[in-house]
Amino acid sequence: TTGDRLWADRDARAEVELGSASIHLGPNTGFSFLNLDDRTVQIELSSGTLDLRVRRLDRDSVFEVDTPNQALTALQPGRYRIEASEDGNYTVVTIREGEGESIGNGQAYTIHAGQRITLSGTDSLNAELQQIAAPDDFDNWSYSRDRRYDNSRSAQYCSQDLVGMEDLDDYGDWRSDSSYGNVWFPRVSSGWAPY
């Protein structure tokens, strides 16, 4: 909820699901929710790296990632990587899919799919457009987590905004019941009891 903070320590990774979006945190990453409601997701990346996958973005919805020197607003569904330096002097935004707008100190930059931009400075924002880099280990891990969602069998039976929907695939199966319709059954060993 608003005000919650998360930290992924050295050699750690974390995933946060928000219905129509997934946030993946890389090692040494600090992150908090500044605003969170049905229309608005505003998060702060204090330092480190996060990979953001926005699956759906309604016309009146806002998805924003703030760093010490800029605020990136996702303008379209897509895949966004944001890196913030520990000292707050620079932010690197990579957009593999989608489009975003970065605003800092009164300056605005539109960033398109396939672009990577380094925004440096605090008093005035300097932008340097760079060649997009090949995916690294963190990107590949994030993609593998997203593929679980994209390829989930449970998506046929559940709302795609159900947090953890893809986990149902790992622990059970769906069957049709003449009285109830489709029902999820956990995979358990013979004699299993919940208590």
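The values are calculated or read from the model by the stated rules, or taken from the named source; none is laboratory data. Only a predicted model underlies this, so the values are computations on that prediction, with no experimental measurement involved. As a convention, Cβ positions derive from the backbone with ideal geometry for all residues, glycine included, and neighbour counts pool all protein chains shown. In case anyone asks, the SASA skips ligands and DNA or RNA and just uses the protein heavy atoms, side chains included. Shrake-Rupley method; radii C 1.70, N 1.55, O 1.52, S 1.80 Å.
Here are the numbers for this structure:
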| item | result |
| --- | --- |
| Condition check for ALA134: out of contact with any Ser or Thr (no Cβ under 6 Å at 6 or more places or on another chain), surrounded by fewer than 12 Cβ atoms within 10 Å (Cβ to Cβ) and hydrophobic (A, V, I, L, M, F, W, C) | yes |
| Within region 2-29, tally of residues that are over 16 Å from ASP139 (Cα atoms), part of a loop (DSSP other than H, G, I, E, B) and in contact (Cβ under 8 Å) with a residue 24 or more places away in the chain | 6 |
| Residue check, ASP51 out of contact with any strand residue (DSSP E or B) (no Cβ under 8 Å at 6 or more places or on another chain) and charged (D, E, K, R) | no |
| Residue in region 100-110 that is under 19 Å from TRP141 (Cα atoms), within 16 Å of the chain's Cα centre (by Cα) and part of a strand (DSSP E or B) present | no |
| Top-ranked residue of region 72-85 - restricted to ones that are of a type outside the set (S, T, N, Q) and surrounded by fewer than 18 Cβ atoms within 10 Å (Cβ to Cβ), ranked as nearest to THR122 (Cα to Cα) | LEU75 |
| Residues that are in contact with a helix residue (DSSP H, G or I) (Cβ under 7 Å, 6 or more places away or on another chain) and either open to solvent by 60 Å² or more (accessible area, probe 1.4 Å) or at positive phi (or both), drawn from region 138-173 | ARG153 |
